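Colleague: Pasting a structure below so you can have a look.
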Amino acid sequence: MKKDFDRRSFMKIAGTSLGIGVLYSAFPAAAAGGETGEMFSFLGKQSGEKVAPFSFVQLSDAHVGFNGPPDPLGTKAFERAVEMINQLPRRPDLVLFTGDLTHDSEDHDVHSQRMKQFMEISKRMNVPVIKHVPGEHDAGLDGGALYRDFLGETYYSFDHRGVHFIGLDNVSRAKPEVGAEQLAWLKNDLSGFHKSAPIVVFTHRPLFDLKPEWEWFTSDGDDVMNALAPYENVTVLYGHIHRDDEHEVGHVHHYAARSLIFAFPDPEKVADKKPNPFDKDHPFKNLGIRLVHEGVGGKPKMNTVTVEDVELTAREFSGINGIQQILKTPNF
Amino acid sequence: MTRPKVLKYAMIPSLFVLVMLAGLSGPSRAHADSPRVVEISAKRFEFTPNQVVLKKGETVILRLTSQDVTHGFFLRPLKIDAIIEPGKPTDVTVTPETAGSFTTICDHFCGVNHGNMKMTIVVE
């Protein structure tokens, strides 16, 4: 059965950024019935899962092991993110981690220890499924060997409740590219889907030229987007740029998540690529989570896309601003 | 006495060939036709020099070498996307058509400060 439906009805991007990642709700529109509902039901049956609205979180760029300026807090923001995810009123089905889980080290044992620390913190998340793709700091020096030891293949796809998720690796060839082999895999992976299939691509670097002189691009990103072009319901999630960003290329929306270690400034406003300075009174400033709900006010609405960013502050945690709060709080 | 004469006469054709070759590809003519070569050396996490000045419309050869590991050399506006492997000089021929100051980066991940490895190409 192949049916078309309104691509805008696939995913509602309504967001509340809590400083540490992004929570998305996929509203498969099954409840709406009609052709749209039939399409999602069909895809859901294919994956053997019940079709229903669901939420997922995007986390990115924890850089576990990073210990230099500008952020002296190490894994504190990552741990705070885990805590917040566990406190969400509705448990997300998935967490997608879009790379730079760790900070690189030329010492294999040190890097391995950082990966172990990342896994230990991740396991605290009360979420059924956590998926990852590598960043260049995870996989750029060894071609992804250490990453694969811990987390398996660097690119893959899976289905969840009628949505097709595709994790792409644009880092482990050392250059910002996916390469011919992965591109051929992608085309083959997509070949079984109708053009109306809901698809979420998650990767580390942007798949378009966001700021090439800051290495915010993928050299064969156009080839990837051309492969995705026939599909009407594509959302791309990425990290790498340590700031939230929304971009539309053709009918594809690209969303970047904030990082969990330090933020970069708006490249249109500064000449040099330097992290924002650490603010001890607002230690999580510009670090982020984006909560995404279907519709406005919690009620799913068709064809509604709303994004709301709310920055995480330490204030909500204990009523005291800044780094002193973190230092005085036992769990931190 | 005989031997030097033999040598002298034997050298005449060789000298003639050398003169002809010099006439065909003498230094001044070679200088006029060959692009200028600009040498750029890469090592973690810097390029040397960190700025080169090119002239708009002038064809130059950027001769890229690495002193340590594999690096990249990427500049979208000049359509440069090269790999620099240690022990293997890489020549990139460019003819910049637009004046400006362009940030060129290493786009082959080379270590912890890779993100700061860059240089400037100025086109006047």
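Each reported figure results from applying straightforward, stated rules to the coordinates on display, with no laboratory input. Computed from a prediction, not measured in an experiment: that's the story for all the values here. Don't worry about glycine lacking a Cβ; one is built from the backbone with ideal geometry, like all the others, and counts go over all protein chains shown.
Colleague: Binning at 10 angstrom from zero up to the longest distance, how are the C-alpha pair distances of segment B:35-123 distributed in percent?
Modeller: Calculated P(r), rounded to whole percents: 19, 56, 23, 2.
Colleague: May I pose another question? Can you give the net charge of the other residues whose Cβ lies under 9 Å from the Cβ of B:E124, counting K and R as +1 and D and E as -1?
Modeller: That works out to +2.
Colleague: At 0.36 nm per residue, minus the direct Cα-Cα distance, what do B:K88 and B:T120 gain on full extension? Give it in nm, one decimal, please.
Modeller: Length gained, B:K88 through B:T120: 9.3 nm.
Colleague: What does the charge count around B:T65 come to, taking other residues whose C-beta lies under 12 Å from its C-beta (Lys +1, Arg +1, Asp -1, Glu -1)?
Modeller: -1
Colleague: Size of the dipole of segment A:126-280 about the Cα centre, Lys and Arg at +1 and Asp and Glu at -1 on the beta carbon, nothing else charged, in debye to 20?
Modeller: 340
Colleague: While we're looking at this one, here's another question. Describe numerically, in nm with one decimal, the distance between label points set 7 Å from Cα along Cα→Cβ at A:A180 and at A:K274.
Modeller: 4.3
Colleague: Which one, B:I84, B:V112, B:V94, projects farthest toward the positive side of the charge dipole computed for segment B:65-124 from Cβ point charges (K/R +1, D/E -1)?
Modeller: Farthest along the dipole direction, towards plus: B:V112.
Colleague: Same structure again: Going by how many other beta carbons lie within 10 Å of each one, how would you line up A:R148, A:R258, A:R124, fewest first?
Modeller: So the ranking, lowest neighbour count to highest, is A:R124, A:R148, A:R258.
Colleague: Which of the peptides B:36-47, B:60-71, A:261-272, A:213-224 is most tightly packed, and how do the rest follow, judged by the mean count of other Cβ atoms within 10 Å per residue?
Modeller: A:213-224, B:60-71, B:36-47, A:261-272
Colleague: Averaged over peptide B:61-67, how many Cβ atoms belonging to another chain are found within 10 Å of each residue's Cβ?
Modeller: 0
Colleague: How big is the gap, in Å, between the Cα center of segment A:241-275 and the Cα center of segment A:112-145?
Modeller: That distance is 22 Å.
Colleague: Rank these for me by crowding, A:S196, A:S259, going from fewest to most other beta carbons within 10 Å.
Modeller: Ordered from fewest to most neighbouring Cβ atoms within 10 Å, A:S196, A:S259 come out as A:S196, A:S259.
Colleague: Within 10 Å, Cβ to Cβ, of A:P283, how many net charges do the neighbouring residues add up to if Lys/Arg are +1 and Asp/Glu are -1?
Modeller: The answer is +1.
Colleague: Expected output is a single nm value to one decimal: the length gained when fully extending between A:D209 and A:S112, i.e. 0.36 nm times separation in residues minus the C-alpha distance. What is it?
Modeller: In short, 31.7 nm is gained.
Colleague: Let me ask you something else. Across the residues of A:136-143, average count of Cβ atoms on other protein chains within 10 Å?
Modeller: 3
Colleague: Can you tell me how segment A:90-166 classifies by the Cα gyration tensor, rounded, prolate or oblate, using a/c under 1.5 as the rounded cut?
Modeller: oblate
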